[in-house]
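The structure appears right after this line, and notes come after that.
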Amino acid sequence: MIPFINQLPKHEEIIWLAVLNQRLPDENIVSYSEVKLADKKSVKLAIVANPDTDLLAEFEHLTWVHSVWAGVEHLMKSLADSPIEVVRLIDPTLSNAMSEAVLAWSLYLHRDMPRYAMQQQNQHWLQHQLVPASERRIGILGLGELGQVSAAQLQKNGFNVMGWSRTAKKIANISCFSGEQGLAEMLAQSDILVCLLPLTQATRGMLNKNLLTQLPQSSAIINFARGGIINTDDLLAALNSNYLSHAVLDVFEHEPLTADSELWQHPDITILPHISAPTNINSACDIVAKNILNFRATGLIPKAVSKVNGY
């Protein structure tokens, strides 16, 4: 028996259970609510989707959990002192979806779409000079799976692409930076800054006044990572002073974004409802099934998230 522990709406849980059981016909994957007390002692593996982590403690022999989401910061924070290993979803389908979103919204900013939308509202006919893609410098914060695929997509479309990571990396045709000095160097050259970092203790509030003012004036940012990485007050100050030209925000500290948030109506902010890279249920279940079958055959847990780094 493998429990599926989640906080999904019931109709979504039913769909996930159906697909997971189809992919793993020799397993019995059930909702947490269906696991009897006596059976909890035998559970060593659970499949999770942003679970209530207090429920995990009820499975005293639980060794590892497989998340069907790529983001696992809530799990990592709750299980920091637990021996339970966390395996996150690494899905090429999700990576490709993210690279499409990064390209689409980079083009949105590159081609001055917010400015032209505002002109339409004011019935203002004015053409602006087009900067060639090769002269548009795009910096990516985070060169993990999502960052690398996104950087390649941008480079393929002619942009001048850079990337920053905590540790040094080498990627063909991408200027790579690392460490504090490397971050400062990349920021100073970024006309568009794309954030794809995981939310960790080190990255919470990282996009603050100090970082934002290292960008060139009139640059723009895209946050497809986590809302907690941006200091919202500092972002608004940078936009209101016209130091930054625009921000595309897909993620927020509290979702859905509250109706009274001043972000909704800000003329220099584009709000998206966390749609940059949705999980594809079919490809996700294929990957989860493959990892579980390999675990059953070898006893080896797939590569887990580092409890030290949080990713």
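The values are calculated or read from the model by the stated rules, or taken from the named source; none is laboratory data. In this text the structure is predicted, and so the values were computed from the model without any measurement. Glycine gets a Cβ as well: all are built from the backbone with ideal geometry, and neighbour counts include every protein chain shown. Heavy atoms of the whole protein, side chains included, go into the accessibility calculation; ligands, DNA and RNA do not. Shrake-Rupley method; radii C 1.70, N 1.55, O 1.52, S 1.80 Å.
Summary table below
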quantity: Count of residues meeting criterion [exposed (fewer than 12 other Cβ atoms within 10 Å of the Cβ) and assigned to a helix (DSSP H, G or I)] in region 23-40; calculated: 3
quantity: Those residues of region 184-207 which are closer than 19 Å to K307 by Cα, in contact with a helix residue (DSSP H, G or I) (Cβ under 8 Å, 6 or more places away or on another chain) and of a type in the set (A, V, I, L, M, F, W, C), in sequence order; calculated: L197, L199
quantity: Test for V86: is it among the aliphatic types (A, V, I, L, M), touching a strand residue (DSSP E or B) at 6+ places or on another chain (Cβ under 8 Å) and either outside the structural domain of R166 (by the TED database) or on the phi < 0 side of the Ramachandran plot (or both); calculated: yes
quantity: Matching option when the condition is in contact with a strand residue (DSSP E or B) (Cβ under 9 Å, 6 or more places away or on another chain) and within 21 Å of E100 (Cβ to Cβ), among L249, L239, L235; calculated: L249
quantity: Any hit, region 42-49, residues being closer than 23 Å to I229 by Cα, in contact (Cβ under 8 Å) with a residue 40 or more places away in the chain, open to solvent by 30 Å² or more (accessible area, probe 1.4 Å) and small (G, A, S); calculated: no
quantity: Cross-chain or 6+ apart pairs with Cβ under 9 Å, region 195-207 first and surrounded by fewer than 20 Cβ atoms within 10 Å (Cβ to Cβ) and modelled with pLDDT of 95 or more, then among the charged types (D, E, K, R) and part of a loop (DSSP other than H, G, I, E, B); calculated: R204/R226
quantity: Residues of region 50-74 classified as without any contact (Cβ under 8 Å) to a residue 40 or more places away in the chain and within 19 Å of L199 (Cα to Cα), total; calculated: 3
quantity: Any helices (runs of 4 or more DSSP H) falling wholly within region 58-169 and containing at least 1 residues that are surrounded by fewer than 17 Cβ atoms within 10 Å (Cβ to Cβ) and touching a Gly at 6+ places or on another chain (Cβ under 9 Å); calculated: 73-78
quantity: So S190, is it in contact with a strand residue (DSSP E or B) (Cβ under 6 Å, 6 or more places away or on another chain), within 21 Å of L239 (Cβ to Cβ) and loosely packed, with under 13 Cβ neighbours inside 10 Å; calculated: no
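Here is a yes/no grid of residues against (1) under 24 Å from W16 (Cβ atoms); (2) assigned by the TED database to the domain that holds H110; (3) part of a strand (DSSP E or B); (4) open to solvent by 30 Å² or more (accessible area, probe 1.4 Å):
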| site | (1), (2), (3), (4) |
| --- | --- |
| L215 | no, yes, no, no |
| G228 | no, yes, no, no |
| D234 | no, yes, no, yes |
| S245 | no, yes, yes, yes |
| P267 | no, yes, no, yes |
| N291 | yes, no, no, yes |
| G310 | no, no, no, no |
